[in-house]
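S.K.: The structure's right below; bear with me while I get my questions together.
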Amino acid sequence: MRLLRRPRGQVYVLAHSRNHVNILRGVVADLVQGGVTPRWLIFPGNPGARQAKQVLNADGIKLLNAAKMLPTFKSGDVLVFCLRTHLWEPSGAFDLVPELLARGVRLLQVVEGGRFNFPDISHPDVPFLGWGPSVHVAGRQARVVGSPVLEAVQLGLTRDQRAPMAVVNYKFRGEQQGPHWLAEALAACKAAGLQPVVSGHPLYDVSPGEGIAFSDRPVAALCAEAQVVISRSSTVIYEALRAGAQPFLFPTRGEAPVEYADPRGAFPIAFDGSELTEQLLQWQTGQRSYAPQSFLNAHVDIDARRPATRRIADEIRAALKAPKRS
């Protein structure tokens, strides 16, 4: 008698923002090429969902409502997500993790961005797919897979070829410190003879002040051309290092820098505008120099033979118990 094979589960990919689409789009393509067709989910009311929907709809991809679909998941299904704990809470989705696991649903959390070792950012019962060695912390099921977004950042022009331009990464959403932080960053750029270009966080649709316009260019493209990048604790620091721009960490008071607190010689940290100005001038005159590799090696694993998209897709195939691609 011929035994019937049990149908394989369904893979679901949850996108909370355009960044999540950028992280997971290549992973989905790899899965499709290997015979696995994931279905995209969004929470329509959450911040960033509109951007994710626009990007995916432009590719002709239909999205499903996550709130309606999560209760229908069955044993053997796989859910892949990039969300931080605090972003799950408005939808209540994070509370469903124990129930989903109890129903036999396999979950995989992919690192979204920097500061991935925040307390409570991952669930102890969910494998956490991280960028590099530093993702291994106590109480976490960590697996190193690299970063599709950072792998895609290309080394830009040499320092001598770059214009005296500074990318100012404005990462605020309603915080009162924003305008003051920006004023100090712009003043430091002026004192150092750098032309500032203000880049806004794609999820924060907030103007930094009257007469100040955001650049609409991708921050990675700006990093490839600028000499300097000024930012709070942000993945943009990694993008600058990968692109060959010199980052300057300029955190706000009370900000938790996590891994950025130990730059490993890759960038300086300024705690006020005068310190930022001094650091910029010292770097320009050659009194201070920095090297990115120690910091990048600690936090981002690049495997020339296996791109991050393939490594993440293989983790999903393993969860689905589908064969790996050769």
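The values are calculated or read from the model by the stated rules, or taken from the named source; none is laboratory data. Just so you know, these numbers come straight off a predicted model, no measurement behind them. Cβ atoms come from the backbone with ideal geometry, glycine included; neighbour counts cover every protein chain shown. With ligands, DNA and RNA removed, areas are computed over all heavy atoms of the protein, side chains included. Shrake-Rupley method; radii C 1.70, N 1.55, O 1.52, S 1.80 Å.
S.K.: When segment 90-142 is examined, which residues are found to be open to solvent by less than 70 Å² (accessible area, probe 1.4 Å), aliphatic (A, V, I, L, M) and part of a loop (DSSP other than H, G, I, E, B)?
M.R.: Passing the criteria: ALA93, VAL105, VAL111, ILE121, VAL126, VAL137.
S.K.: Right, next: If ASP30 satisfies every condition in (1) in contact (Cβ under 8 Å) with a residue 40 or more places away in the chain; (2) more than 27 Å from ARG8 (Cα to Cα); (3) open to solvent by less than 50 Å² (accessible area, probe 1.4 Å) but one, which is the exception?
M.R.: (2)
S.K.: Within segment 155-185, restricting attention to residues that are open to solvent by 50 Å² or more (accessible area, probe 1.4 Å) and touching a helix residue (DSSP H, G or I) at 6+ places or on another chain (Cβ under 7 Å), which residue is farthest from VAL236 (Cα to Cα)?
M.R.: GLU184
S.K.: Among the residues of segment 266-276, is any in contact (Cβ under 8 Å) with a residue 60 or more places away in the chain, of a type outside the set (Lys, Arg) and more than 17 Å from GLU184 (Cβ to Cβ)?
M.R.: No, there is no match, as no residue in segment 266-276 is in contact (Cβ under 8 Å) with a residue 60 or more places away in the chain, of a type outside the set (Lys, Arg) and more than 17 Å from GLU184 (Cβ to Cβ).
S.K.: Can you name every residue in segment 7-27 that is touching a Leu at 6+ places or on another chain (Cβ under 7 Å) and either free of Cβ contacts under 8 Å to residues at least 40 places away in the same chain or hydrophobic (A, V, I, L, M, F, W, C) (or both)?
M.R.: Hits for segment 7-27 are VAL11, VAL13, LEU14, ALA15, VAL21.
S.K.: Under the condition of being closer than 20 Å to LEU194 by Cβ and surrounded by fewer than 16 Cβ atoms within 10 Å (Cβ to Cβ), which residue from segment 259-274 is farthest from the chain's Cα centre (by Cα)?
M.R.: In this case the residue turns out to be SER274.
S.K.: Among the residues of segment 238-261, which ones are closer than 20 Å to ILE121 by Cα and in contact with a helix residue (DSSP H, G or I) (Cβ under 8 Å, 6 or more places away or on another chain)?
M.R.: TYR238, GLU259, TYR260
S.K.: Can you name the condition, by its number, that PHE43 falls short on among (1) surrounded by 15 or more Cβ atoms within 10 Å (Cβ to Cβ); (2) modelled with pLDDT under 90; (3) within 30 Å of ASP262 (Cα to Cα)?
M.R.: Result: PHE43 passes all but (3).
S.K.: With respect to ALA291, is the statement that it is among the hydrophobic types (A, V, I, L, M, F, W, C), farther than 30 Å from ASP30 by Cα and surrounded by fewer than 20 Cβ atoms within 10 Å (Cβ to Cβ) true?
M.R.: yes
S.K.: Could I ask something else about it? I'd like to verify a number: residues in segment 247-262 that are under 12 Å from VAL168 (Cα atoms) and not aromatic (Phe, Trp, Tyr), how many?
M.R.: 2
S.K.: Also: Taking segment 143-157, which residues are under 18 Å from ALA29 (Cα atoms), out of contact with any Lys or Arg (no Cβ under 8 Å at 6 or more places or on another chain) and either of a type in the set (Phe, Trp, Tyr) or in a loop (DSSP other than H, G, I, E, B) (or both)?
M.R.: Those that are under 18 Å from ALA29 (Cα atoms), out of contact with any Lys or Arg (no Cβ under 8 Å at 6 or more places or on another chain) and either of a type in the set (Phe, Trp, Tyr) or in a loop (DSSP other than H, G, I, E, B) (or both): SER147, ALA152.
S.K.: If you don't mind, there's one more thing I want to ask. So, of the residues in segment 6-27 that are in contact with a Gly (Cβ under 6 Å, 6 or more places away or on another chain) and within 22 Å of GLU151 (Cα to Cα), which turns out to be surrounded by the fewest Cβ atoms within 10 Å (Cβ to Cβ)?
M.R.: Residue satisfying both the conditions and the ranking: SER17.
S.K.: I would also like to ask the following. What's the total number of residues in segment 259-280 that are out of contact with any Pro (no Cβ under 8 Å at 6 or more places or on another chain), part of a helix (DSSP H, G or I) and within 16 Å of VAL228 (Cβ to Cβ)?
M.R.: 6
S.K.: Looking at segment 235-275, which of its residues are of a type in the set (A, V, I, L, M) and either within 14 Å of VAL167 (Cβ to Cβ) or in contact with a Lys or Arg (Cβ under 6 Å, 6 or more places away or on another chain) (or both)?
M.R.: Across segment 235-275, the qualifying residues are VAL236, ILE237, ALA240, LEU241, ALA243, ALA245, LEU249, VAL258.
S.K.: Right, here's the next one. Here is a list: ALA256, ALA240, ALA220, ALA188. Which entry is assigned to a helix (DSSP H, G or I) and surrounded by fewer than 23 Cβ atoms within 10 Å (Cβ to Cβ)?
M.R.: Selected residue: ALA220, the only one of ALA256, ALA240, ALA220, ALA188 that is assigned to a helix (DSSP H, G or I) and surrounded by fewer than 23 Cβ atoms within 10 Å (Cβ to Cβ).
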